[in-house]
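The values are calculated or read from the model by the stated rules, or taken from the named source; none is laboratory data. Small disclaimer: the values here were computed from a predicted structure and weren't measured. A quick note on method: Cβ atoms are made from the backbone with ideal geometry, for glycine too, and the neighbour counts reach across all protein chains shown. Accessible surface is based on the protein model in full, side chains and every heavy atom, while ligands, DNA and RNA are left aside. Shrake-Rupley method; radii C 1.70, N 1.55, O 1.52, S 1.80 Å.
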Amino acid sequence: STWGNILDMWRLLCVLVGCVNVLHACTTIAVGKSATVDGSVLTSHSDDGSGKSDPRLVPIQRMYYRPDSRRPIYPDIELYPRYVGKDRSSFYFPVNNQNVTQPIGFIPQVNQTNAYFEATYGIINEFQVAISESTCSSRITADGCEYAGQREQLGNCALLSIDELSRIALERAATARDAIQTMGDLACEFGFHGPGTGLEEGAESLLVADPNEAYVFHIIPSDENGTSAVWVAQRVPDNGAAVVANLFTIRVIDFNDTTNFMYSPNIQTVAQSRGWWSPGTPFDFAGIFSAGEYAHRYYSGRRMWRAFSLLSPSTKLNPEYSDLVKDNPYPFFVVPDKKLAPSDLTAIYRDWYGGTPYDLTAGLAAGPYGSPNRYSGGAGEQQVNGSWERPIDLFRTSYSHISQLRSWLPNEVGGVFWFSQTGPHGNCYIPFFAGFLDAVPDSFSSGWGGEFSRNTSYWAFRSVNTILDLRFNHMILDVQKEQKQWETTGQTLVDTLVEKYVAHHNTAFVINAIQTHAANVVAAWWSLADFLVFRYADGYDNFPAAGASIGYPAWWLKAVGYQNGPPPPPLLVGNGPVRQ
């Protein structure tokens, strides 16, 4: 087909010139309440950005507004600083002569907004509504507005990005369905745009969950002017786990099943008007609107396969396919082989395809010490066309989180999200409660890649990750030991605090305990960075005794031609060498 030829040409162009914006490549997972060990709903997100991303965790307090107030809408800024101003939090106040972010438009404000946590996107609010994000490709793209009044004057731009929609949803919604309907209605009225105008980043997907259920939500612009939006949401079965990795996963919509599907009123009209769907045929949302994988084949599908294979090994899915959209090799969800806990999801986010044919710690590209990191960009890639496997665990992750939502507990402690910054393999997940905004230490709400600071959690984790790459297969054992210790301590602390809060409602005690634990983890990670430098200084193992040689593995020495190096010196006999 003509469209298929266009997609093939676009993908070839991506390979040749690198059209993918790496700022929007995230992996998300949702787990229904019957598939978890305690009946909670789980949702998770890795924000896989760049060295310029904004990794700050910022609490947003509940706010009250006068009637007829307007909510400013700000541009989609993925880099640091994502916002500068005084509308949301003191952590966003201007510093170092930063320019205040100007709104690009306004929507009607509600009288009262919920308290919530945000990073690049909204994370969780005081009612245990949680959100996770993953950018997707789309056959329809639109520009976002650049200044206030542009939409009204020219009608050539959309007002709302997924960043703002996720925040507005958490500000206003008390359930997942409320959040979806709020975002969908506003996007249809004020227009939606993706983070870019290229096919690869023209649309978005969110996992939206509350203590009772989780949904996958897809949204695209309705046309190239951003006039409105087309969206759909599908419920994740209570016994299931769904994965979205930069590609739409909702396939055939049952328009009569309003329990499991929600959708925009224009969804069929838009598809039919473009000749992409005919009445009486199945309405395959991904098949109709997706532009397919970007970067390379397997960029999305391999992560889906791996996550599903870890969640449900018995399903035995095939990691190979020809076209992810056309072949549709993976289901919307799987039923996990065992009941899941947050720790099972952290393990998935730390996966580099270990033990599979795609193991990134194996082979020459991993180096002598088995690093799973594959850096991107640079002059080399302008001279050599190719691709690396794209794992779930990624060196350029700016932050990630796992939200646990529990219906039988008070909202204040029922919602807990495990948050950390930088690559999951070298970080530590720290618990924060949805109802205790003041429990987040300032070190988590400041810092970014452009300025080193020992006063930030971000640089504690980033320092360990950077050092870790020097001798990965040795250092990772030290890191994993610390991860296990501190994350186990965190889980024990959560259990203890929930019990105490339910019994006594001692807010100050909970806040102090979480702050102390978070600060202790950050301090431990600074100490871990120092320890790794000490232990493996100059290529030795200096613990427990100094100066033990490690050297290189034999397979690597052979691969790089060590055996072909300078020969031994002439043999020495008596007072001089024997000449050959």
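Residues in the range 244-266: is at least one outside any loop (DSSP other than H, G, I, E, B) and buried (at least 24 other Cβ atoms within 10 Å of the Cβ)? Steps first, please.
To start, the set of residues in the range 244-266 that are outside any loop (DSSP other than H, G, I, E, B) comprises 244, 252, 261-263.
Of the ones still in play, those that are also buried (at least 24 other Cβ atoms within 10 Å of the Cβ) are 244.
Scanning the range 244-266, I find at least one residue that is outside any loop (DSSP other than H, G, I, E, B) and buried (at least 24 other Cβ atoms within 10 Å of the Cβ), so the answer is yes.
Return yes when residue 50 is among the hydroxyl-bearing types (Ser, Thr, Tyr) and modelled with pLDDT under 95 and no when it is not. Can you show your working first?
Values: among the hydroxyl-bearing types (Ser, Thr, Tyr): yes; modelled with pLDDT under 95: yes.
So residue 50 passes the test.
Would it be correct to say that residue 83 is open to solvent by less than 10 Å² (accessible area, probe 1.4 Å) and under 23 Å from residue 345 (Cβ atoms)?
Details: open to solvent by less than 10 Å² (accessible area, probe 1.4 Å): yes; under 23 Å from residue 345 (Cβ atoms): no.
Spelling it out, it is not the case that residue 83 is open to solvent by less than 10 Å² (accessible area, probe 1.4 Å) and under 23 Å from residue 345 (Cβ atoms).
List the pairs whose first member sits in the range 135-149 and is open to solvent by 20 Å² or more (accessible area, probe 1.4 Å), whose second member is charged (D, E, K, R) and not in a loop (DSSP other than H, G, I, E, B), and whose Cβ atoms are under 6 Å apart, counting only residues at least 6 apart or on separate chains?
Qualifying pairs under 6 Å: none.
Being under 30 Å from residue 41 (Cα atoms) and surrounded by 13 or more Cβ atoms within 10 Å (Cβ to Cβ) is the filter here, so list the residues in the range 353-367 that pass it. Outline the logic, then answer.
Step one: of the range 353-367, the residues under 30 Å from residue 41 (Cα atoms) are 353-356.
353, 354, 356 - these are the residues of the range 353-367 that are under 30 Å from residue 41 (Cα atoms) and surrounded by 13 or more Cβ atoms within 10 Å (Cβ to Cβ).
Taking residue 167 as the residue in question, decide whether it is under 19 Å from residue 78 (Cα atoms) and within 23 Å of the chain's Cα centre (by Cα). Steps first, please.
Numbers: under 19 Å from residue 78 (Cα atoms): yes; within 23 Å of the chain's Cα centre (by Cα): yes.
For residue 167, the condition - under 19 Å from residue 78 (Cα atoms) and within 23 Å of the chain's Cα centre (by Cα) - is met.
A quick yes/no check of all residues on (1) aromatic (Phe, Trp, Tyr); (2) open to solvent by 70 Å² or more (accessible area, probe 1.4 Å); (3) part of a loop (DSSP other than H, G, I, E, B); (4) without any contact (Cβ under 8 Å) to a residue 24 or more places away in the chain:
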site: 88; (1), (2), (3), (4): no, no, yes, no
site: 91; (1), (2), (3), (4): yes, no, no, no
site: 94; (1), (2), (3), (4): no, no, yes, yes
site: 97; (1), (2), (3), (4): no, yes, yes, yes
site: 101; (1), (2), (3), (4): no, no, yes, no
site: 107; (1), (2), (3), (4): no, no, no, no
site: 110; (1), (2), (3), (4): no, no, yes, no
site: 117; (1), (2), (3), (4): yes, no, no, no
site: 124; (1), (2), (3), (4): no, no, no, no
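Among the numbered criteria (1) open to solvent by 20 Å² or more (accessible area, probe 1.4 Å); (2) over 17 Å from residue 492 (Cα atoms), which single criterion is violated by residue 370?
Among (1) open to solvent by 20 Å² or more (accessible area, probe 1.4 Å); (2) over 17 Å from residue 492 (Cα atoms), residue 370 violates only (1).
Which residue pairs have Cβ atoms under 8 Å apart, sit 6 or more places apart or on different chains, and have a first residue in the range 554-567 that is within 14 Å of residue 362 (Cα to Cα) and a second that is of a type in the set (Gly, Ala, Ser) and open to solvent by less than 100 Å² (accessible area, probe 1.4 Å)?
Filtered contacts from the range 554-567: 556/367.
So for the range 560-572 (the condition being farther than 20 Å from residue 457 by Cα, at pLDDT below 95, open to solvent by less than 60 Å² (accessible area, probe 1.4 Å) and over 37 Å from the mean Cα position of the chain (by Cα)), does at least one residue qualify?
no
Looking at the range 49-62, can you tell me whether even one residue there is farther than 20 Å from residue 449 by Cβ, among the small types (Gly, Ala, Ser), open to solvent by less than 10 Å² (accessible area, probe 1.4 Å) and part of a strand (DSSP E or B)?
From the range 49-62, those farther than 20 Å from residue 449 by Cβ are 59-62; that's our starting set.
Retained after the next criterion (residues that are among the small types (Gly, Ala, Ser)): none.
No, there is no match, as no residue in the range 49-62 is farther than 20 Å from residue 449 by Cβ, among the small types (Gly, Ala, Ser), open to solvent by less than 10 Å² (accessible area, probe 1.4 Å) and part of a strand (DSSP E or B).
Right, residue 437: open to solvent by 10 Å² or more (accessible area, probe 1.4 Å), over 15 Å from residue 525 (Cα atoms) and in contact with a Pro (Cβ under 9 Å, 6 or more places away or on another chain) or not? Explain how you work it out, then say what you get.
Working: open to solvent by 10 Å² or more (accessible area, probe 1.4 Å): yes; over 15 Å from residue 525 (Cα atoms): yes; in contact with a Pro (Cβ under 9 Å, 6 or more places away or on another chain): yes.
Considered against the rule, which asks whether it is open to solvent by 10 Å² or more (accessible area, probe 1.4 Å), over 15 Å from residue 525 (Cα atoms) and in contact with a Pro (Cβ under 9 Å, 6 or more places away or on another chain), residue 437 comes out as yes.
Could you say whether any residue in the range 379-399 is in contact (Cβ under 8 Å) with a residue 24 or more places away in the chain, closer than 27 Å to residue 90 by Cβ, β-branched (Val, Ile, Thr) and in contact with a strand residue (DSSP E or B) (Cβ under 6 Å, 6 or more places away or on another chain)?
Yes - at least one qualifying residue is present in the range 379-399.
So if I check each of 453, 420, 446, 463, which one is within 30 Å of residue 406 (Cα to Cα) and over 18 Å from the mean Cα position of the chain (by Cα)?
Only one candidate passes the filter, namely 446.
Going by what's in this entry, would residue 520 be described as of a type outside the set (Gly, Ala, Ser), in a loop (DSSP other than H, G, I, E, B) and open to solvent by 30 Å² or more (accessible area, probe 1.4 Å)? Show your work before the answer.
On the way: of a type outside the set (Gly, Ala, Ser): yes; in a loop (DSSP other than H, G, I, E, B): no; open to solvent by 30 Å² or more (accessible area, probe 1.4 Å): yes.
Criteria not met by residue 520.
Quick grid of which residues meet (1) assigned to a helix (DSSP H, G or I); (2) open to solvent by 40 Å² or more (accessible area, probe 1.4 Å); (3) modelled with pLDDT of 95 or more:
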residue: 497; (1), (2), (3): yes, no, yes
residue: 500; (1), (2), (3): yes, yes, yes
residue: 508; (1), (2), (3): yes, yes, yes
residue: 512; (1), (2), (3): yes, yes, yes
residue: 524; (1), (2), (3): yes, no, yes
residue: 528; (1), (2), (3): yes, no, yes
residue: 533; (1), (2), (3): yes, yes, yes
residue: 538; (1), (2), (3): yes, yes, yes
residue: 545; (1), (2), (3): no, yes, yes
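What helices (runs of 4 or more DSSP H), lying completely within the range 273-352, carry at least 1 residues that are modelled with pLDDT of 95 or more, open to solvent by 10 Å² or more (accessible area, probe 1.4 Å) and closer than 23 Å to residue 35 by Cβ? Lay out the reasoning, then the answer.
Values: elements: 285-289, 301-311, 324-327, 342-349.
Passing ranges, in order: 301-311, 342-349.
Cβ-Cβ below 7 Å, separation at least six or inter-chain, first residue in the range 492-517 and without any contact (Cβ under 8 Å) to a residue 40 or more places away in the chain, second open to solvent by 70 Å² or more (accessible area, probe 1.4 Å) and of a type in the set (Phe, Trp, Tyr): which pairs?
These pairs meet every condition: 500/509.
Where residues in the range 74-123 are among the aliphatic types (A, V, I, L, M) and out of contact with any strand residue (DSSP E or B) (no Cβ under 7 Å at 6 or more places or on another chain), which of them is nearest to residue 49 (Cα to Cα)?
Residues of the range 74-123 among the aliphatic types (A, V, I, L, M): 77, 79, 84, 95, 100, 104, 107, 110, 115, 119, 123.
Of the ones still in play, those that are also out of contact with any strand residue (DSSP E or B) (no Cβ under 7 Å at 6 or more places or on another chain) are 77, 84, 95, 100, 110.
Numbers: 77: 12, 84: 20, 95: 23, 100: 23, 110: 32 Å.
Across the range 74-123, the extreme among qualifying residues is 77.
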